[in-house]
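Since the structure comes first, as structure tokens, the remarks are kept for the end.
Just so it is clear, none of the values below were taken in a lab; they were calculated from the coordinates. All figures in this text were calculated on a predicted structure; none of them were measured in a lab. Don't worry about glycine lacking a Cβ; one is built from the backbone with ideal geometry, like all the others, and counts go over all protein chains shown.
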């Protein structure tokens, strides 16, 4: 299996500047009611997608992945010893958060203006680009979402409510040729069976899926031409901004100390990329 993966590194900025900004604004004061509630129950409820390396659930039920691992450490620093995860489709994460079924989303939920308006994001945690998984040799020559739109028979599988579904529709792929896929294994099987021409996820997720499949009849094209680089953050309910700010203070400390890099970089993510931008820039630009 041939892989074509290019994910450029981005130079970082000092996290100390971010931390100083939080301290100066007084945002280190936590939402006492919410934080005390989480401390009392001993855990925070987090929504994940089971999409390695962002999130993963082992056969024994253990939750791992870059996003939950960061969240687990930060909540421990805030006095909440455990996280309890539930798997959710991307399209259901924000409604579930708003309905009180989760305390936070830690799942590679990339920042978008509409999402930024609906939830209170932390500062950036994980950054990635988009990728295609397709048949060996890329027989239809798909390098962008627009290429799929131009092909009258081209079909693409993507997570429901996710970035890839939106990018495909915005590029002109008709709704009936954008197939909602519940999880990575389903997308892989649909591609192998010829039911879709392309399965799209972020670069790291596609490479993880392709590596585990070990199928010589598949290729990876990454990054997708014309698709932006995205960053996620932990997503909190509107009204929990003070708790979010306390989370951000601990996140900034971890970025400055190097602890953040030690957690996410073994998964293939760049700490420098997350430290080179901000929630404000990402919510305004994408």
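Data overview
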| item | result |
| --- | --- |
| The chain: translational diffusion in µm²/s, Stokes-Einstein, Kirkwood Rh over Cα pairs, 20 °C, 1.002 mPa s | 111 µm²/s |
| Taking the range 130-221 and dividing mean pair separation by its residue count, relative contact order in percent (alpha carbons under 8 Å, at least six apart) | 45 percent |
| Taking the range 40-155 and dividing mean pair separation by its residue count, relative contact order in percent (alpha carbons under 8 Å, at least six apart) | 27 percent |
| Burial order of peptide ranges 126-137, 257-268 (average beta-carbon count within 10 Å, highest first) | 126-137, 257-268 |
| Ranked by how many other beta carbons lie within 10 Å on average, peptides 110-120, 227-237, 191-201 from highest | 227-237, 191-201, 110-120 |
| Computed [θ] at 222 nm, helices only, for the chain once each DSSP H run of length n ≥ 4 contributes -39500 (n - 2.57) | -11500 deg cm²/dmol |
| In nm, spacing of pseudo-spin labels at residue 60 and residue 238 (7 Å Cα→C-beta vector) | 4.2 nm |
| Length released on extending from residue 92 to residue 135, taking residue separation times 0.36 nm less the Cα-Cα span | 12.5 nm |
| Hull volume in cubic angstrom per residue (convex hull over the Cα atoms of the range 130-221) | 78 Å³ |
| Shape of the range 236-286, Cα gyration tensor, a/c cut at 1.5 | oblate |
| Length-normalised contact order for the chain - Cα pairs under 8 Å, 6+ apart - percent | 34 percent |
| Counting DSSP beta bridges with both ends in the chain, the antiparallel % (nearest 5) | 55 percent |
